[in-house]
Amino acid sequence: MIIILVSNFIYSTVIALMSNLIHSMIVILVSNFIYSTVIALMSNLIHSIIVTLMSNHNFYIILDTYSNKKSFSNT
């Protein structure tokens, strides 16, 4: 009887520890996946915003130089 109780206790303790371990591993993996996905999306968003701003900036510089050339040629 005592052996059965002790073995049941050890068995349930091992199962509880294993399930906690597996649960924590799953949580860590999922949180890492979500974290990396969010970081990737944010970096893509920031990159596209920077590219858009730079292209707009270059576009305005080209327009500015073109209008300056036209004004210089008009004078």
Legend entry - Within region 6-62, considering residues that are modelled with pLDDT under 85 and among the aromatic types (F, W, Y), the one nearest to the chain's Cα centre (by Cα): F59
Inset, instruction - Keeping to region 1-51, report how many residues are assigned to a helix (DSSP H, G or I) and either loosely packed, with under 10 Cβ neighbours inside 10 Å or among the aliphatic types (A, V, I, L, M) (or both). - result: 30
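The values are calculated or read from the model by the stated rules, or taken from the named source; none is laboratory data. Computed from a predicted structure; not experimentally measured. Glycine also receives a Cβ, built like all others from the backbone with ideal geometry; neighbour counts cover every protein chain displayed.
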